[in-house]
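The values are calculated or read from the model by the stated rules, or taken from the named source; none is laboratory data. This structure is a prediction, so every number in the text was calculated from the model and none was measured. No Cβ is skipped: glycine too gets one built from the backbone with ideal geometry, and neighbour counts run over all protein chains shown.
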Amino acid sequence: MPESGVPARVGLLGGGVIGGGWAARFLLHGSDVTLYDPAPGAQNTVADIVRNARVAFEGMGATLPAEGRLTLVSTPEEAVREADFVQESAPERLELKQGVLARACAACPAGVVMASSTSGLMPSRISAEMPNPERFAVGHPFNPVYLLPLVEVVAGEHTTPETVERAVEVYRSVGMQPLVVRREIDGFIADRLQEALWREALWLVHDGIATVEEVDDAIRLGPGLRWAFMGPFLTYRMGGGEGGMRHFLEQFGPSLQWPWTKLMDVPDLNDELIDTIAEQSDAQAAGRSSQELQQMRDRHLVAVLLALRNEEG
Ligand SMILES: NC(=O)c1ccc[n+]([C@@H]2O[C@H](COP(=O)([O-])OP(=O)(O)OC[C@H]3O[C@@H](n4cnc5c(N)ncnc54)[C@H](O)[C@@H]3O)[C@@H](O)[C@H]2O)c1
């Protein structure tokens, strides 16, 4: 029996890199998983991913319930007929997702939430053909799904608040940290950020400024280490010293007008935006001084660096 809150039976549509990752996360938390994937090799793909996940969970010292049972089926209907929760991870093609979700929705018990792993398609479009779009939301995970905690939950225009709540509850029950995106938008939050970096990376190589290895070094030896525990806002707050985010924005805001980047569309840093960012940054710092934040950053960096050193020998 899975622990409380963990769905007893999960229906998965698609068993590639991401569907296999969901299978591993749910199975290792005790859910029985019924999976539909039309590819003949899907069983092996999923088995390989689940094997890797077992090793990873062991490495994390996780105490887990008895593993759930995996069943592969040959139609989307069979995958969802007895499910308590459904996650679709079919290829990123709108019509394909619409088709498989519409079929599955018609066969899925009333009220059961159905989510899509899409990397950036709008939920209102994906659910357009579903008989019950109110039970649909995006649940966008990150690879490997069994290890990374983030899942972006995005509602479409017909999604009910109960659907979002249930998706959040399910993801939390299997150890994830859902981030509910306030408004439906292509690419959601994390992939928009990743894409901005990716565009710059491609330009740097295109212009002969850096090789792919140099671009990767520039991330993994510097900002990337911080990003394991601290996003751009808290990082830059410290860049503003005791003056915090407001000082940082005043000092470096104008440089956004310099032609450093290929991404030239800069929001107007007017007083209203500066106030919003500075206030939210103060709330995020929760009374911690710049010194305290720097010490927290250093402790976390030491932890990451030591873990990497242990791993690399
Ligand atoms: N790869 C990533 O890093 C990543 C990260 C987050 C989200 N996603 C999203 O997850 C989804 C799946 O991506 P992936 O990387 O696992 O792709 P993938 O190609 O590894 O797997 C897709 C699987 O879907 C199967 N499939 C094909 N038609 C199907 C159908 N009609 N019904 C059910 N399954 C079908 C394929 O046989 C394949 O096994 C996409 O929407 C993608 O955008 C991918």
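Can you name every residue in the stretch 32-80 that is over 15 Å from V10 (Cβ atoms), away from the ligand (no atom under 16 Å from the Cβ) and under 24 Å from the mean Cα position of the chain (by Cα)? Answer for the stretch 32-80, where residues must be over 15 Å from V10 (Cβ atoms), away from the ligand (no atom under 16 Å from the Cβ) and under 24 Å from the mean Cα position of the chain (by Cα): R51, R54, V55, A56, F57, E58, G59, M60, G61, A62, T63, L64. Got at least one residue in the stretch 10-19 being of a type in the set (G, A, S), crowded, with 23+ Cβ neighbours inside 10 Å and over 19 Å from the mean Cα position of the chain (by Cα)? Yes. The set of residues in the stretch 1-50 that are modelled with pLDDT under 95 and among the basic types (K, R) is empty. Summed over the stretch 125-151, residues that are under 30 Å from A53 (Cα atoms) and surrounded by fewer than 21 Cβ atoms within 10 Å (Cβ to Cβ) total 7. T34 meets the conditions (1) over 27 Å from V164 (Cβ atoms); (2) crowded, with 21+ Cβ neighbours inside 10 Å in every case but one. The failed one is (1). E184 passes every criterion in (1) in a loop (DSSP other than H, G, I, E, B); (2) on the phi > 0 side of the Ramachandran plot; (3) surrounded by 14 or more Cβ atoms within 10 Å (Cβ to Cβ) apart from (2). Being touching a Leu at 6+ places or on another chain (Cβ under 6 Å), within 15 Å of the ligand (Cβ to nearest atom), assigned to a loop (DSSP other than H, G, I, E, B) and in contact (Cβ under 8 Å) with a residue 60 or more places away in the chain: is that true of A83 here? When the stated conditions are applied, A83 does not pass them.
Looking only at residues in the stretch 118-129 that are among the hydrophobic types (A, V, I, L, M, F, W, C) and either under 27 Å from T45 (Cα atoms) or within 11 Å of the ligand (Cβ to nearest atom) (or both), the one that is farthest from the chain's Cα centre (by Cα) is I126. Scanning the stretch 120-129 for residues that are at pLDDT 95 or above and not in a helix (DSSP H, G or I) yields L121, M122. Taking T63, is it out of contact with any Gly (no Cβ under 6 Å at 6 or more places or on another chain), of a type in the set (S, T, Y) and either farther than 22 Å from P178 by Cα or touching a residue at least 12 places away in the same chain (Cβ under 8 Å) (or both)? Against the criterion (out of contact with any Gly (no Cβ under 6 Å at 6 or more places or on another chain), of a type in the set (S, T, Y) and either farther than 22 Å from P178 by Cα or touching a residue at least 12 places away in the same chain (Cβ under 8 Å) (or both)), T63 does not qualify. Of everything in the stretch 1-31, what is at negative phi and within 10 Å of the ligand (Cβ to nearest atom)? Give them in sequence order. Hits for the stretch 1-31 are L12, L13, G15, G16, V17, I18, G19, G20, G21, W22.
The criterion of at least 1 residues that are closer than 22 Å to L148 by Cβ and of a type in the set (V, I, T) is met by the following helices (runs of 4 or more DSSP H) wholly inside the stretch 198-313: 212-220, 232-239, 290-312. Number of residues in the stretch 37-66 that are surrounded by fewer than 17 Cβ atoms within 10 Å (Cβ to Cβ) and outside any helix (DSSP H, G or I): the value is 11. The residues of the stretch 208-262 that are of a type in the set (A, V, I, L, M) and loosely packed, with under 13 Cβ neighbours inside 10 Å, listed by number, are I209, V212, L221, A228. Within the stretch 125-143, residues that are touching a residue at least 12 places away in the same chain (Cβ under 8 Å) and closer than 11 Å to A115 by Cα reach partners that are within 14 Å of the ligand (Cβ to nearest atom) and of a type in the set (K, R) with beta carbons closer than 7 Å, at six or more positions or on different chains, in the pairs I126/K97. Within the stretch 88-117, the set of residues being crowded, with 23+ Cβ neighbours inside 10 Å, part of a loop (DSSP other than H, G, I, E, B) and near the ligand (Cβ under 8 Å from one of its atoms) comprises S89, A90, S117. Note on the stretch 130-143: residues that are within 13 Å of the ligand (Cβ to nearest atom) and over 27 Å from Q177 (Cβ atoms) amount to 0.
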